[in-house]
Amino acid sequence: MKAVVYARYGPPEVLRLADVETPVPKDDEVLVKVHAVSLNASDWEVLRGTPLYSRIAGQVAATGRTATLFRPGEDVFADILSQMGGFAEYVSVPESALARVPADMTYEEAAALPQAGAIALQGIRDRGQVRPGQSVLINGAGGGSGMYAVQLAKLAGAEVTGVDNTEKLEFMRSLGADRVIDHTREDFTRGGQAYDLILDLAAHRPAWAYRGSLSPGGRYLYVGGSVATLLQVLLLGPVIGRAGHNTMRLLAVRLGAQHLAPLVELCQAREITTVIDRRYRLSQVPEALRYLGEGHAKGKVVVIVE
């Protein structure tokens, strides 16, 4: 089969399309013929340090001896973090990681949901506990997770501020953001506005910089960004939070397609829209990753496996 491989960490140019052996599913695994793979910011980050991982949607091609939940021919999707190898024509996946693709959902839409949707759903609903009338800021609102987070916050009745780069301002407005901030021109932590929730998908400021941007009882949730900020939030967050009578913590995301049922239902009801910015072929994975990594992607970038 065809698969994207690389022998060393580095820029997208280290990736190449190669012929490799088609995987054979273990007893508890399902062999999936991949139709679509979505990219997340983490794919760009790990290209430089750890193996690639992806979110896939496709069709069951074969099953292991004890894998009985799915039959060949069924459409499925998954977050295959444990496999770290979705840029391929086939991939073996533990059946416990799979979920069925609803009949009215495309492979592209299904592949876009894992990770990005899980972050948004848990950041806004489960951990963020957003309620009507609250003020929510989403830093990195123009990307894949941000796309879902903005819409979920608006559905919850919040007033939403989206932060991202210049070329994504109109996109954030189209998702429903009430206010948008260009982070290349304005630092939201110095704007004097306080928020009930800050969902930080692109954290690069010192942890203490967020103190004045949280309302009493407000929540700050770190999702992605610099290692320095991550460590500061992890070690100093509880102290900073108590000082301001609010919460500052990491968002420990429960990954897996099985956690996405509420978001799938909203997508089926057309209350949440998945925006696919660009589509690439398997041979174009380096270009897809570069487009994403350079901050251009509005919503999701998907690789179509012919």
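Here are the numbers:
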| read-out | value |
| --- | --- |
| Extension gain from E167 to H204, taking 0.36 nm per residue of separation minus the Cα-Cα distance | 11.4 nm |
| Listed residues S215, S96 arranged by accessible area, highest first, probe 1.4 Å | S96, S215 |
| Derived scalar couplings ³J(HN,Hα) [the range 158-171; Karplus, 6.51 cos²θ - 1.76 cosθ + 1.60; whole Hz; x for Gly, Pro] | 8, 8, 10, 10, x, 10, 6, 7, 4, 6, 10, 4, 5, 4 |
| Span from the the range 202-263 Cα centroid across to the the range 176-200 one, whole angstrom | 15 |
| Probe 1.4 Å, accessible area per residue of the chain, Å² | 44 |
| Unit charges on C-beta of K, R, D, E only; dipole of the chain, Debye | 720 |
| R281 versus A252: modelled label distance in nm, points set 7 Å from Cα along the beta carbon direction | 4.5 |
| 222 nm mean residue ellipticity, helices alone, for the chain (DSSP H n ≥ 4; -39,500 (n - 2.57); rounded to 500) | -6500 deg cm²/dmol |
| Which of E294, E13 is most accessible, then next, and so on - probe 1.4 Å | E13, E294 |
| Cα Rg over Rh - the range 179-222, Kirkwood | 0.92 |
| Debye log10 I(q)/I(0) for the chain, one point scatterer per Cα, at q = 0.07, 0.15 Å⁻¹ | -0.27, -1.14 |
| Two-site label geometry, R242 and H183: point separation in nm, points 7 Å out along Cα→Cβ | 3.0 |
| Distance violations [Cα-Cα > 32 Å] among K33/K300; K26/K154; K33/K298 | K26/K154 |
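The values are calculated or read from the model by the stated rules, or taken from the named source; none is laboratory data. It should be emphasised that the depicted structure is a prediction, and the values quoted were computed from it without experimental measurement. Cβ coordinates were reconstructed from backbone atoms using ideal geometry, including for glycine residues, and neighbour counts include every protein chain displayed. Only protein heavy atoms, including side chains, enter the accessible area calculation; ligands, DNA and RNA are left aside. Shrake-Rupley method; radii C 1.70, N 1.55, O 1.52, S 1.80 Å.
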